[in-house]
Amino acid sequence: MTSLAAIADRFWQGYLEIDPLVAPEGAHEHEGRLPDMSAEGRDQARRTYSDALASLRDLDVAALTEEDRLTAELVEFAARSLLEHLEAGLDRLRAAAHIYGAIQIFPSVCSRQRVHDASSLERYVERLHGFAAYYAGWRELLDEGVEAGQTSPRLVVDRTIAQLERLLALDPAASPGMSPVADAGPAAQEAVLDALRETVWPAHAEYLEALRAYRAHATETLGLHSLPGGERLYRAAMLEHTSLGLDAGDVHAEGEARLAAAREAQRRTARELGFDSAAEALASLRATPRWTASTPDELVELCSRFVRRGWDAASTVVGRMPEAECIVKPVEPYREPDAGSAFYIEPAADGSRPGTFYVNTSNLHGRPLYQYAVTAFHEANPGHHLQIALEREHGDRHPVRQYGGVLAGSAAAEGWALYAEQLADELGLYEDPYQRLGMLESRAVRACRLVVDSGLHAFGWSRERAIDAMLEVGMTPTWSESDIDRYIAMPGQALAYTIGFSRVERWRADAERRPGFSLPAFHDRLLSLGLLPLDALEEALGH
């Protein structure tokens, strides 16, 4: 019988062959490669996932230690959900997506990779030259999608085309592709610039032309329900992001119930401020300097202050803190129109790059300041940074657990981050009732996401109906429109927040009923388990 260690090793190495971008810094054998999206590469992926599932079926799980059992559960879920992703055809839709799609790899590589010697330069240049084959695979997927009738909505394709046009309008010498060699010598910079001009820009330009041709086949409809195999596509998307087998109708109903409760909490806080509604309370801020930042630097500095505030307070309710704080940076200008208001990138395993909280500083008037306290507590501390940086520090754990938490779906991560917003309230981190309204608005938005995501992809909602639902909970037009287009392009991901939060909320309530409850001990236990499928976390916590 094959051991769990051998199964996990084979799966992890196989997965890194499929997606080398998941490899931690220091895994030099993968740093010169990009994912192989060709039909041959996807066939290899199917074999990797099927082999892992077959091997796990022969394993005596009852004889495993807790650590090994959790590793087995992560591998099993990852292999199962990734295989269903392929078989359902979700990659055909990622090919044209403006967010977390094919075109997002280049900025991701530029923000993560570093050049510090001749070998790392060689690997970076090799990776850049790999963009020709990378996009060739995605063009195959565009064609497969057209043939199968599984194509992306036109509004998503248009966003992707516009993003590529903005990138290609940049001089390669002033592009994000030069970031990894910003501190290198002239020879290294020239080598990278040659690769950008010879391969990366032409590869993106060729993909842009392919998308322009694909646009004629894009759908006028928005949801997965309208595509061949749409029900299976949505089930696969919900499984991938939440780690659970969910029913769209149940998700929709839970969202409506949670949204009603969140709206009532907003009204109560507004009444404390002397207003009849949250909308009236926030309207009172619009004409004041407290509504928006005057410069991008001001917004970045405000977020940095919230990050420090969250770090200091988290140490009172978490026994083990990460070794390093995160930094705050603005989103690159060419990505701003399609990026959300903020996002987080984990620190490098070798310490060469800190955890980074990215803030979108475009259209400042559409980004009210009262929202940024809750955003910082979600993305940084006690949210994503605290959780993910700690996971990276578990050096005694199998690499698939230490670095492969992304394979567990996003509900464990987003559930903790949404819980962190509430925890920040318990810690008194919101400086005034308006910031607290921002937290309650965030909770209402996450509940509303259950309604609009299932509405769009299972029940035929229009974009306008979905946007109106978000505007009703307090989102600005800028935020609402970009978020709805994200849900259209990335089905199921919007469910992860409230679905994950509902589990953390329940686990804590159960723990509080036990003798000797300690909040720091509860947090340490949950955080020590790392990112896992929700059912695996629930079992490990004794529920």
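Assorted remarks:
- For residue 324 and residue 86, the difference between the fully extended length at 0.36 nm per residue and the C-alpha to C-alpha distance is 82.0 nm.
- What the Cα atoms of segment 241-540 give is an Rg and a Dmax of 18.5, 54 Å.
- Modelled spin labels at residue 213 and residue 108, positioned 7 Å past Cα toward Cβ, are 2.6 nm from each other.
- In this rough spin-label picture, where each label sits 7 Å from Cα along the Cβ direction, the residue 66-residue 126 distance is 4.1 nm.
- Beta bridge orientation in segment 241-540: antiparallel %, DSSP, nearest 5: 50 percent
- Lys/Arg +1, Asp/Glu -1 at C-beta; the chain dipole; positive extreme among 45, 363, 105: 363
- Packing-based order for 435-442, 241-248, using average beta carbon neighbours within 10 Å, highest first: 435-442, 241-248
- If R0 equals 56 Å, the separation of the Cβ atoms of residue 472 and residue 171 corresponds to a calculated FRET efficiency of about 0.80.
- Under a model in which nothing but the beta-carbon of Lys, Arg (+1) and Asp, Glu (-1) is charged, the chain shows a dipole of about 1040 debye around its Cα centre.
- Between segment 428-477 and segment 196-224, the alpha-carbon center distance in angstrom: 31 Å
- Share, in percent, of DSSP beta bridges within the chain that are antiparallel, nearest 5: 45 percent
- Taking amide H as placed 1.01 Å from N in the peptide plane, the amide H of residue 342 sits under 5 Å from that of 360, each at least 5 places away or on another chain.
- When shorter helices are ignored and each DSSP H run of at least 4 residues is given -39500 (n - 2.57), the per-residue value for the chain at 222 nm works out to -19000 deg cm²/dmol.
- Here's the picture: charge each Lys and Arg Cβ at +1 and each Asp and Glu Cβ at -1 in the chain, and of 115, 202, 454 the one pushed furthest to the positive end of that dipole is 454.
- At least 30 Å along the helix axis (C-alpha) and Kyte average at least 0.0, DSSP helices within the chain: 433-458
- Anisotropy class assigned to segment 249-313 is oblate, per the alpha carbon gyration tensor with a/c at or over the 1.5 cut-off and a/b no larger than b/c.
- When the Cα gyration tensor is reduced to axis lengths a ≥ b ≥ c, the ratio a/c is 1.5 or higher for segment 4-223, and with a/b not above b/c it is classed as oblate.
- For segment 183-314, the Cβ-based charge dipole about the Cα centre amounts to some 560 debye (Lys, Arg positive; Asp, Glu negative; other atoms uncharged).
- Among 490, 30, 221 - extreme Cα towards positive end, dipole of the chain, charges at beta-carbon: 221
- Between segment 26-70 and segment 164-188, the alpha-carbon centres lie 34 Å apart.
- In this Cβ point-charge picture (+1 for Lys and Arg, -1 for Asp and Glu), segment 241-540 has a dipole of about 280 debye about its Cα centre.
- Compared with the direct C-alpha span, the chain from residue 284 to residue 317 gains 8.4 nm at full extension, assuming 0.36 nm per residue.
- The calculated FRET efficiency for residue 267 paired with residue 519, based on their beta-carbon distance and R0 = 22 Å, is about 0.15.
- Largest first, the extents of the alpha carbon coordinates of the chain on the three principal axes equal 62, 58, 51 Å.
Values quoted throughout were computed directly from the atomic coordinates according to the rules given, and no laboratory measurement underlies them. Values in this document were obtained by computation on a predicted structure and should not be read as measured data. Because the Cβ atoms are built from the backbone with ideal geometry, glycine has one as well, and the counts that use them run over all protein chains shown.
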